[in-house]
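What follows is calculated from the coordinates using simple rules that are stated; it is not laboratory data. Computed from a predicted structure; not experimentally measured. Reconstructed Cβ throughout: ideal geometry from the backbone, glycine too, with neighbour counts over all protein chains shown.
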Amino acid sequence: MVKEVSLIGELQSIAGAGLAEEGPACTAFAVDGLTPRAVVRPSTYQGVAEVLRYGNTNRLTVISWGAGSMMQTGNRPSKYDIALSVAGLTGIVEYEPADLTVTCRAGEPLVALQEQLRRSRQMLPSGPFASREATVGGIVATAGASASRHAYGTPRDFTIGMQVVTADGRITRTGGKVVKNVAGYDLCKLYTGSRGTLGVIVELTFKLAPQPRHEQREALAFDDAATACAFARELERQGMSVKAFTLLNRAATGLPRGGYVLAVDLAGTQAAVNRCWETLSTLAGAAQQLSEAEAERYAGAEAELQTAASVTLECEITVLPSDLPVLIERLGETLEPGIVAYPTIGLARAFWTAGDAEAILTDLTAAFRKIGGSMLVRRCPPSLKSRIDVFGEVPPSFPLMQRLKREFDPNGTLSPGRFVGRL
Amino acid sequence: MTAAKRLIRELQSALGRRWVLHAPEDLLVYEYDATIDRALPQAVVLPESAQQVAQAVRIARRYGLPVTARGAGTGLSGGALACEGGVVIVMTRMNRVIKIDAENQLAVVEPGVINLDISKAAAPYGLYYAPDPSSQKACTIGGNIAENAGGPHCLRYGTTTNHVLALEIVTADGEIAEISATQAGYDLTGVLVGSEGTLAIVTKATLRLLHKPEATITLLAIFDRVSEASETVSAIISAGILPAALEMIDKNTMDAVEEFAHCGYPPDAGAVLLIEVEGLSEEAEEQANEVRSICEKFGVRELRTGTDPAERERLWAGRKSALGALGRKAPSYYILDGVVPRTKLPSVLAEVYQACDRFGFAVANVFHAGDGNLHPNVLFDERVPGATARVLELGEEIMRLCVEAGGSISGEHGVGFEKRSYMSWIFSEDDLEVMARLKAAFGAGDGFNPGKVFPTSKGCGEVSSHMRAAIAKAGPGAYV
Ligand SMILES: Cc1cc2nc3c(=O)[nH]c(=O)nc-3n(C[C@H](O)[C@H](O)[C@H](O)COP(=O)(O)OP(=O)(O)OC[C@H]3O[C@@H](n4cnc5c(N)ncnc54)[C@H](O)[C@@H]3O)c2cc1C
């Protein structure tokens, strides 16, 4: 009892009375059925550092939160004392459009940042993501990839600097504010996608991209995945100005019948987009080109699936692009989930609303061994998490990863148990 | 038998007599890279496989000797110097392109493969490897990975780190490990790139290949003043154009080049910009037109355009022959590498000229302007007593200018031995301590490339000038 009081009292004295809570407020910060003892929302980097130092010294574990839109992904925490929300750390710190870079705090929602950048006809080449609240810190911490990865890469490609608070409460910098920089180890890469297990990101510097002058969405219907994938790769081979290719199966389009829809986001100068449209129409062959209205309808399909409450199992699978058609076919055999795939990347996301999740995963894992690649279970029934590692089999370099975790977080303060191999 | 002899014996039995060098005259070749310093190793080995690399690492470790990997030795920060002696592992025999997977746009290569050879192997499939350090005819992909090398076209396509997908490495305990940027878990590949040979030795790399663009247009824009040229750089980026390359040559460079390559630069011009735009032909043309009108707005006095390979090559000739030309202007030159935010280019360049004036050295700037990546080349005569020390002092001052402008101490050449004492200008003790944790996780300690990247008080060999030799090695087309 005495200890409970001192925890919240301590956190309130660090962050300010209104910024640390216990009791009912903690329910919203539950992870896989575990509710923290307290939630704290520091308003400064120093506050984040003090919370971590306090937790680390007192053997209390801390899970960091952005908007929480990705929290269902991860293994079950082995222990969960404090929810540390950086959602209050918002705002742009530095933005000079002619430098084509921006520095902002980690809790800044991507949507809000994009709005600011749009005024200078620039953008962070990331997203859109299903959640409008998703913070830039969360997107980087989960290495969130969207369809535009085809043209712009993932957060590892455009994050050039960070401020990160370490488990023992030091505010540290890595990278810088210039687009080209090789001074010191590139720890940005390490923190990107580490899901809060090595440090808490509080500030980020990004390399930006100019807004495409013109964008146009096209969609085509194909009978089979292989033809659709080959079509996408041919457009790429011919150097077409495409921002994203998104392949949807019947279950994902919600159509009563038919095969696959390939959405193609053209982006570039008007003349280039026109030329791409012509090439696309010529190459389409037997594939049916859908109307503009229909094409628009599929724009939100992936986000809908990602937020659908009816989805009980969601997997993200990465294979070589050439193996994608086989993978999609194989996925379809497991109770026909909704499938959204990026053909030029070799990434597929599958969404099941029915069936026994464990049986599906066992089946897939076996199929998967033959194809090769990596699989992440993004959503599944919490009860299943005691039996599976949502990150799949540990990679061969896992011993190195264990050593890294030990070096960066020797007390196991940061999101313990949540990452690959329950790190 | 002495320990030194036993070491050689063991290395010989692991790699074969022929591939272990230990005679002083053989070692000399490996005591320098393209920088000012040098250091002599105890032995040099040339393995042909990852297994041999692992064996050599284990042997060196048993003798308590550090290991330094070496590619072509074109590095410009002393990275490949065996600062604390030990064994140098030269990767140049492991130079095979193992596989080009055209369908998945991948190349799997050994670390000693020369950068340009990857694009040559990919060319039949219409593919190429984008990062193009100016030393690409000589430098190895292993060296590129260690330094996170850049090049003129990294403005649009990103540096080495954006193109390395997976690696095979030999760790400090002599184990072979596979790491991949697409696998679950921490991005070990990402931190390995740019780690300057201090964490592990790369023995195989999987690289991303790109399709060759349909059209490339090169523009050469001549300005009266450097300030106009550098303002044009900012204006192009602000206008939402990301050229494939955006390079600048200043007056001193033009003068040197003109005597030598006859590019037709007007004698009273102040700076030249080389701007390359790429993509579908429609897009390239539209962008070229926009770039032209921006140049005009900033008072360009002459614009030349190249669309076919021969014309474009002619426009690049001055840029590419700059180093060779500078070599004729002075007995020695010192190549600096710093970065500033693009908008700070005009002011920092002005300060660089002032600093060089104050020190009494001529400077020629040839650089990746679009990225804000400066390369001042300080001309000097090393035979003049004290000149080298003064040049190093000037270099330090120029680095400070970059840092004060919000930039960094290296854009592409690395920290190496040369710049490790500047690390504390941009990183706190805590920042450096966290980097040391990464090194500890790799178990590298001082086993790999000691005396690099991190500030220490130890020195490295002696100071002399070998830049010429390394540049000669980079081939006749070498340029920075
Ligand atoms: C004329 C000239 C122009 C240049 N232009 C550019 C340019 O445009 N852009 C640019 O970025 N650089 C440039 N450089 C610098 C240099 O060419 C690059 O840094 C290059 O990447 C070094 O490659 P290398 O094979 O010569 O490596 P080395 O100089 O042999 O070694 C460099 C570093 O890499 C490490 N290393 C080498 N192989 C391995 C391996 N297999 N595993 C682990 N570590 C390894 C070494 O230990 C060392 O730390 C230029 C140099 C010259 C001389």
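Distance between Cα centroids, the range B:312-370 to the range A:321-380: provide it in whole Å. If we compute the Cα centre of each part, the gap is 53 Å.
Among B:147, B:278, B:311, sorting on how many other beta-carbon atoms sit within 10 Å of each Cβ, with the fewest leading, yields B:311, B:278, B:147. To the nearest 0.05, how large is the calculated FRET efficiency for residue B:1 and residue B:123 if R₀ is 41 Å and r is the Cβ-Cβ distance? Calculated value: 0.20.
Divide the volume of the convex hull around the Cα atoms of the range B:14-168 by the residue count and you get 117 Å³ per residue. Under the simplified labelling scheme, the residue A:389-residue A:370 pair shows an inter-label distance of 2.4 nm, with each label point 7 Å from Cα along Cα→Cβ. A Gaussian network model of chain A, with springs between Cα atoms under 10 Å, assigns the largest mean-square fluctuation among A:254, A:196, A:138 to A:254.
Over all directions, how big on average is the projection of the convex hull of the alpha-carbon atoms in the protein assembly as shown, in square nanometres? Convex hull of Cα atoms, orientation-averaged projection: 37.3 nm². Here the calculated FRET efficiency for residue A:288 and residue A:13, from their Cβ-Cβ distance with R0 = 51 Å, stands at 0.20, rounded to the nearest 0.05. Packing around the peptides B:187-197, A:400-410, taken as the average count of other Cβ atoms within 10 Å per residue, puts them in this order, highest first: B:187-197, A:400-410. Specify the residue with the greatest mean-square fluctuation among A:290, A:324, A:117, computed from a Gaussian network of chain A linking alpha-carbon atoms under 10 Å apart. Result: A:290 has the largest fluctuation of those listed. Taken over chain B, the percentage of Cα pairs per 20 Å bin, counting from 0 up to the bin with the maximum distance, is 24, 56, 19, 1. Overall size of the range B:251-294 from C-alpha positions, given as principal axis extents largest first: 37, 19, 13 Å. For the pair residue A:297 and residue B:397, label points projected 7 Å from Cα toward Cβ lie 7.1 nm apart. Fewest-first ordering of B:381, A:363, A:32 by other beta carbons within 10 Å of each residue's beta carbon gives B:381, A:363, A:32. Rounded to 0.05, the FRET efficiency of the residue A:255 and residue A:28 pair, given R0 = 30 Å and the Cβ-Cβ distance, is 0.25. Of the residues B:237, B:98, A:360, the one with the fewest other Cβ atoms within 10 Å heads the list, and the complete ranking is B:98, A:360, B:237.
For the residue pair residue B:17 and residue A:224, what label-to-label distance in nm results when each label sits 7 Å from Cα along the Cα-to-beta-carbon direction? It is 6.2 nm.
Cross-link reach is defined here as a Cα-Cα straight distance under 29 Å, omitting same-chain residues fewer than 8 places apart; for residue A:370 the lysines meeting it are A:385, B:99, B:204. For residue B:251, the lysines whose Cα comes closer than 19 Å to its Cα, not counting residues fewer than 8 places off in the same chain, are B:320, B:329. Across every direction, the projection of the convex hull enclosing the Cα atoms of the range B:214-411 has a mean area of 10.5 nm². Bridging of residue A:177 to lysines at a Cα separation below 18 Å is possible for A:189, A:207, B:344, once same-chain residues fewer than 8 apart are set aside.
Taking the alpha carbon gyration tensor of chain A, multiplying each eigenvalue by 5 and rooting it gives semi-axes of 38, 26, 18 Å, largest first. Under a Gaussian network description of chain A, with springs only between Cα atoms under 10 Å, the residue in A:369, A:379, A:76 that fluctuates furthest is A:369.
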